[in-house]
Structures are given as structure tokens and as C-alpha cells.
Amino acid sequence: MDNLYHHAYKSALQMPQIALIDQYVQIRKAGTRLWRKILDLEMIPPHQIINLGAIAANTALAKQNAVNMALYDDEFAQWRWYPIDPFQVSVYNPAGIAKWQLRNRQVGITPDIITRDPLLVSTEIFTWEDEWPSFEALNYSDYAIAASRIIAFGFRYITAEVDATTTARLVDGLQPYTIVPCSALGPGPR
Amino acid sequence: MLTELNKGIIRQGAVVNIAAAATATTLYQVSNNANQIGTKSFKLKKLMVRSNGSGDVWLSIGTGLGGAFLASYPAIRVLNNIDNEWQEVEIPNIEFFADMTGSIPVLPAGSLDIQAEVEEIG
């Protein structure tokens, strides 16, 4: 599927940061939330983040942890990604919580996302430190595939804890902040 | 004539050998896994055919196996001892929602090797 490689750079060049240096964010994860200030950020160029492996025809692989998405302490990342081989991906983060889970189905991503959504906005996910997501691959066709590769890019953000005074202002809504959903939990009261 | 910009994913079927006349054989199988999201379809983008000592024969591309075969295009002439290739500019833009099959009405001898390249949509 080499004809899908070059799209990643077009997408990456037009990707906006979710927040900028010196701004405040609320990291939302399963069971907790963290207030953080962004100290620095860096772009992660498009690269092959994981190869889930060969898949026989009409077969799903077991979930695999994307360990190469792990970050250092105090960092979170903003990822956009897509498969470059013909398979369907379901995302979990952490492994027990399905991303994009509707009432009757979990929405997955297929490689044609890159032509439907060239900037890959709809694939955006966030991760906190070394809490990597898991990917589940399905070869939905009657033909085996030799590899199931995912290309990812984005930004990593270095953050610091927020002092008590600023935290109180953030909680009271007196200080603007950006919500960063670093797990697969859907929207709702926290 | 311009080739159509890709809306789907380019895929290839296996090399299929047809050795019997009037025996429709599957050339490309549409993806219909129970857990896939949505209905898939495909369009034929490229066809490569080799006549293995069959002489010049007609090849029909369509859907259905056995007596249920239904041609989707006019039959194409496969010439012996020559590369037989058709590309998307020469192929009507038919969308398949079922397996694509091929049938040779009259096959005096030998067999045909056929490989299809398709664009899968959905």
C-alpha cells in the first residue's frame, strides 16, 4: 500500500496543536484528572508506530499494546494516525476501554480514512506518559495480508504541575484551560 | 480521458486459473466480514490475462457461479501467445457488490491465467 505513504506528510504539516506553551490543560483519564501547564512542545514526524503483523483472511488479531507510543514522565501526546494496509483498526485506551464506542458498535478506522479525511482530524487521540493505547486489527477481506501497519504523527507536550492558587482558579473557571482526553472515555460529566 | 481519482483502496486478487469451458470461476471476492463496518464494493481497475495454449478465446467477466453467471461487460477477446491487459480507461466503471467471476464460453484447449486489480470502496 505504498501509494498511501506520502499522504502523511501533507496531513502532518496542517495539524494544529491542541494547546500552546504556557497554556493550561486538564488531562482527563479513566478515574482521574490532572491540571497541567505546558512548558514545551515538539512535533513527532510521521512514522510507522506499529506493525500488528500478518493477518489471515477474515481474521481478527488479539489486541496489541502500542508500546512505542510511550512517553517520558510529565508528557502527553496528541496523535493522528491511519492504517496503510487494508485492515480495520479498533482502538482501546487503556486496553479495557473502547474508543469511539456507540450503543451498538465500536467505530473503527480503515485505510480509506486518508482520502475521506486528508488531515486525519477524526483519528485524533491523546496519550499520557507511558499509558499507551491498544490496537485491534481485523482483516475483513477474503485475502490474507502480509502486514498491518499504522502510521502516526503529532505533538508531544512537556508539562508541569500547577500550584494550588492557580488550580483553584482553574477549578473555579477563572483561568482558561483546554481539556485533553487521554483515555478512550467518551464525553460526559466528570 | 482522465483516470478516476482513487476513492478507495487498490487491492489485487490471486492469480486464478480457468481450465474448463462455461465454468464461472471467482476472480475477486468482495469483503463481507460480519465485523467490518459498512458494506464494501469494488470496481475493476486492471485485468491481466494469459492464454496457456488455449488459442484465441472469449472471456466474460461478471457475477455468479455455474448457471447463475451473469456477464457485467461484453466479452473480451483473449489472444494466444501475447500479453492481454486491460486498464481502467478501457473498462466501464461498474461497481460490484458481489464476487466477480469469469467464464470462458468455448475453450478448445489449455487454460487461462487471470489476475484482477480492483479499487475497494466502502
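The values are calculated or read from the model by the stated rules, or taken from the named source; none is laboratory data. Note that the structure is a prediction, hence the values are computed from the model and not measured. Counting neighbours? That spans all protein chains shown, and the Cβs are built from the backbone with ideal geometry, glycine included.
Could you list, in sequence order, the residues of region B:69-122 that are among the charged types (D, E, K, R) and either surrounded by 12 or more Cβ atoms within 10 Å (Cβ to Cβ) or under 17 Å from B:Val57 (Cβ atoms) (or both)?
Across region B:69-122, the qualifying residues are B:Arg77, B:Asp83, B:Glu85, B:Glu88, B:Glu95, B:Asp99, B:Asp113, B:Glu117, B:Glu119, B:Glu120.
So A:Asp74 ticks every box in (1) modelled with pLDDT of 95 or more; (2) surrounded by 17 or more Cβ atoms within 10 Å (Cβ to Cβ) but one. Which box is left unticked?
Result: A:Asp74 fails condition (2) only.
Give me a count of the residues in region B:42-63 that are of a type in the set (Gly, Ala, Ser) and either exposed (fewer than 15 other Cβ atoms within 10 Å of the Cβ) or within 12 Å of another protein chain (Cβ to nearest Cβ) (or both).
2
What residue, of A:Leu120, A:Leu138, is buried (at least 19 other Cβ atoms within 10 Å of the Cβ), touching a strand residue (DSSP E or B) at 6+ places or on another chain (Cβ under 8 Å) and within 14 Å of chain B (Cβ to nearest Cβ)?
Answer to the selection: A:Leu138.
Hey, A:Thr59 hits all of (1) within 14 Å of chain B (Cβ to nearest Cβ); (2) in contact with a Ser or Thr (Cβ under 8 Å, 6 or more places away or on another chain) but one; which does it fall short on?
Evaluating A:Thr59 over (1) within 14 Å of chain B (Cβ to nearest Cβ); (2) in contact with a Ser or Thr (Cβ under 8 Å, 6 or more places away or on another chain) leaves (2) as the failure.
Any chance region A:24-40 includes a residue that's at pLDDT 95 or above, touching a Lys or Arg at 6+ places or on another chain (Cβ under 9 Å) and part of a loop (DSSP other than H, G, I, E, B)?
no
Could you grab me the full set of residues in region A:27-42 that are under 18 Å from the mean Cα position of the chain (by Cα), surrounded by fewer than 14 Cβ atoms within 10 Å (Cβ to Cβ) and of a type in the set (A, V, I, L, M, F, W, C)?
The one that is under 18 Å from the mean Cα position of the chain (by Cα), surrounded by fewer than 14 Cβ atoms within 10 Å (Cβ to Cβ) and of a type in the set (A, V, I, L, M, F, W, C): A:Ala30.
With respect to the numbered conditions (1) assigned to a strand (DSSP E or B); (2) over 27 Å from B:Ile37 (Cα atoms), which one is the sole condition not fulfilled by A:Gln17?
(1)
Could you please let me know if A:Ala146 is surrounded by fewer than 20 Cβ atoms within 10 Å (Cβ to Cβ) and under 26 Å from A:Gln48 (Cβ atoms)?
So A:Ala146 fits the description; yes.
Just the residues that are hydrophobic (A, V, I, L, M, F, W, C), within 15 Å of A:Gln64 (Cα to Cα) and outside any loop (DSSP other than H, G, I, E, B), please, taken from region A:75-91.
If the condition is that a residue be hydrophobic (A, V, I, L, M, F, W, C), within 15 Å of A:Gln64 (Cα to Cα) and outside any loop (DSSP other than H, G, I, E, B), then A:Val89, A:Val91 are the ones that fit.
Do we have any residue at all in region A:106-121 that's under 22 Å from A:Met69 (Cα atoms) and basic (Lys, Arg)?
No, that holds for no residue.
Is region B:95-105 home to any residue that is among the charged types (D, E, K, R), out of contact with any Pro (no Cβ under 6 Å at 6 or more places or on another chain), farther than 28 Å from A:Pro83 by Cα and touching a residue at least 24 places away in the same chain (Cβ under 8 Å)?
No: region B:95-105 contains no residue that is among the charged types (D, E, K, R), out of contact with any Pro (no Cβ under 6 Å at 6 or more places or on another chain), farther than 28 Å from A:Pro83 by Cα and touching a residue at least 24 places away in the same chain (Cβ under 8 Å).
Look through A:Phe126, A:Phe155 and report the one residue that is more than 14 Å from chain B (Cβ to nearest Cβ), among the aromatic types (Phe, Trp, Tyr), in contact with a strand residue (DSSP E or B) (Cβ under 6 Å, 6 or more places away or on another chain) and closer than 27 Å to B:Asn35 by Cα.
A:Phe126
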